[in-house]
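*Asks:* Can you read through this structure? Questions will come right after.
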Amino acid sequence: MNTSDWLMNPMFGIALSVVTYTAAQHIHKRWRWLHPLFVCSGFIILVLLSFHIPYAAYKVGGDVLTLLLGPATVALGVPLYKNAGLIKKYIAGILTAVALGSLTAIASAAALVGLLGGSREILLSMLPKSVSSPIALEISRHLGGLPELTAVLTVLTGLFGSMIGKRLLTWLGFHDAISIGIAVGTAAHGIGTARLLKDSELEGSMSGFAMGAAGIITSVLFVPIYWWFR
């Protein structure tokens, strides 16, 4: 088997992902605030660039791992089911907070691009960055943005939100699980939710519900935005 055949084998992408993530977990034990996915993604990019390996070669194995995202997302329903009663009790406040958070995410993205003099394509690509990747990519595609750029911005939003979100909220005086979960889930979607689940099932379940609600609410909010940019 020559080098090209070896790189295009799915096991290359899978092995590289597993090895780098394992190393990232060890680093995370030393620096708890540093998210393993952030380290893992950076190291994979470094490897691909250093050895001039095309992304398509890594993607063959990466797509296999992507198939596992569906079952992993469905698994978030377990803590949601366990805390369904608490969610029903505060449903009005939760939905109001998610709606305001989703609106703020869109407005702040637009303001940032405007202040930095970004192009229309960058603006349309950045607006849906705070919802989960599948929803963000579809919104970006319909708006006329760059889905590839949206994917990068969405992942970065989740990573930074997972690393500093809870720390920032605690510093601002928010200590209850509901507030932290709703805020992180609205702003940092699945990556932030996965991070909270490591610390607290209640925080994780609230974050998972907020993530789903934010996806629906944000999609509705983009209807008039879509008409505006047509």
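The values are calculated or read from the model by the stated rules, or taken from the named source; none is laboratory data. Please read all numbers here as calculations on a predicted model, not as lab measurements. Because the Cβ atoms are built from the backbone with ideal geometry, glycine has one as well, and the counts that use them run over all protein chains shown. To get the accessible areas, we keep the full protein, side chains included, count just its heavy atoms, and leave off ligands, DNA and RNA. Shrake-Rupley method; radii C 1.70, N 1.55, O 1.52, S 1.80 Å.
*Asks:* Out of all the residues in segment 89-109, is one or more touching a residue at least 60 places away in the same chain (Cβ under 8 Å) and more than 26 Å from L143 (Cβ to Cβ)?
*Replies:* The answer is yes; a qualifying residue exists.
*Asks:* For segment 199-230, which residues satisfy the criterion of being farther than 23 Å from L123 by Cα, under 16 Å from the mean Cα position of the chain (by Cα) and open to solvent by 30 Å² or more (accessible area, probe 1.4 Å)?
*Replies:* Selection gives F209, G212.
*Asks:* Tell me which residues, restricted to segment 80-93, are farther than 18 Å from S200 by Cα and either assigned to a helix (DSSP H, G or I) or within 19 Å of the chain's Cα centre (by Cα) (or both).
*Replies:* The answer is K88, K89, I91, A92, G93.
*Asks:* Would you mind telling me which numbered condition in (1) touching a helix residue (DSSP H, G or I) at 6+ places or on another chain (Cβ under 9 Å); (2) within 25 Å of I87 (Cα to Cα); (3) open to solvent by 40 Å² or more (accessible area, probe 1.4 Å) L172 fails?
*Replies:* Only one criterion is unmet by L172, namely (1).
*Asks:* I would also like to ask the following. I need the full set of residues from segment 166-225 which are without any contact (Cβ under 8 Å) to a residue 40 or more places away in the chain and β-branched (V, I, T), in order please.
*Replies:* Scanning segment 166-225 gives T170, I180, V184, I216, V220, V223.
*Asks:* Another question about this same structure. Can you name the number of the only condition in (1) out of contact with any helix residue (DSSP H, G or I) (no Cβ under 8 Å at 6 or more places or on another chain); (2) buried (at least 17 other Cβ atoms within 10 Å of the Cβ); (3) not small (G, A, S) that I91 fails?
*Replies:* Every listed condition holds for I91 apart from (2).
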